[in-house]
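Shown next, in structure tokens, is the structure this report addresses.
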Amino acid sequence: MSTNTDFTLSIEDLTVSFDGFKAVDGLNFYLDKNELHVVIGPNGAGKTTVLDLICGKTKATSGSIKFMNKELTKLAEHEIVRAGVGRKFQTPSIYENLSVYENLEVSFPRGRGVFGSLVFQRDDEVDSKVREIAAEIMLEDFIDTEAALLSHGQKQWLEIGMLLIQDPQLLMLDEPVAGMSVKEREQTAELLNKISSGRSVLVIEHDMEFVARIAHKVTVLHQGKILAAGPMEDVQKDPNVVEVYLGH
């Protein structure tokens, strides 16, 4: 058991069973401040389930998930978001009929909820934040463009921006480069490297080349357990990992 309290996220003895099948089995996992950590593993390894557990979508059977020393397993999904955990799912959930600017604006924390949006004023603070994030996600030239007209990759960046404007301390991304062009992948790698200074980023990804470009640390999940963890070059050489990846 680790006693270090400096981790952004510490998961200990985490287990979740669905009808007796352990999707996640006694998982121990630690994420440092400003760390970009990628979780890889074959289909059915439990990767998405781990994100579901962290964000409260799925409840753990046993074990603990601490974020900035706050126990998440007892909190509802919206309380976890408010605590500073942002998550992007595989399919982008942006408002297609709003502009890039408006998508970012409605995601600004003060605009939340019906009452929030009634009293919400577009002021200088919101405006400068929206423009800062638009530049960060490489969409400053598309700020007035309707989101429906963006490329697939740009939609993904917009959704990342909608999370960034809420300033989460932990950002979780599920296969962020799926379906992107080569150039968009490269730009996304740069974007993720940039946003991991100032927050922790947890990514699930299949594209090994992309993982090698971004990961500070890699964890390989297999059948709900950690098979290997460490820098990408070590993990790639691990005989167990080679066997699982080449044996399938």
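We did not get these values from a lab; they are worked out from the coordinates using the rules stated. Predicted model, so just to flag it, every value in this text is computed and none were measured. Here the Cβ is made from the backbone with ideal geometry for all residues, glycine too, and neighbour counts use every protein chain on show.
Dipole size of the chain about its Cα centre, with +1 on Lys/Arg Cβ and -1 on Asp/Glu Cβ: approximately 680 debye, rounded to the nearest 20. Across the options 108, 151, 230, the greatest Cα extent toward the positive end of the charge dipole of the chain (unit charges at beta carbon of Lys, Arg, Asp, Glu) belongs to 230. With the Cα gyration tensor of the range 18-76 giving a ≥ b ≥ c as the square roots of its eigenvalues, does the rule (a/c under 1.5 for rounded; else a/b larger than b/c for prolate; else oblate) give rounded, prolate or oblate? Oblate, because a/c is 1.5 or more while a/b does not exceed b/c. Per residue, the average separation of C-alpha pairs within less than 8 Å and at least 6 apart gives the chain a relative contact order of 27 percent. Rounded, prolate or oblate for the range 126-212? Axes are the square roots of the Cα gyration tensor eigenvalues, ordered a ≥ b ≥ c, and the cut-off for rounded is a/c under 1.5. In terms of gyration-tensor shape, oblate.
Rounded to the nearest Hz, the phi-derived 3J(HN,Hα) couplings of the range 10-27 under the Karplus curve 6.51 cos²θ - 1.76 cosθ + 1.60 (θ = phi - 60°) are 10, 10, 10, 6, 7, 9, 9, 10, 10, 6, x, 8, 7, 6, 10, 10, x, 7, where x marks glycine and proline.
In sequence order, the range 78-91 has phi-based couplings of 5, 5, 5, 4, 5, 5, x, 10, x, 9, 10, 8, 5, 8 Hz under the Karplus curve 6.51 cos²θ - 1.76 cosθ + 1.60, θ = phi - 60°, and Gly or Pro positions carry x.
With both residues required to sit in the chain, DSSP beta bridges show an antiparallel share near 55%. The HN-Hα couplings worked out from phi for the range 207-212 by the Karplus form 6.51 cos²θ - 1.76 cosθ + 1.60 (θ = phi - 60°) are 6, 5, 4, 5, 4, 4 Hz, whole numbers, x standing for Gly and Pro.
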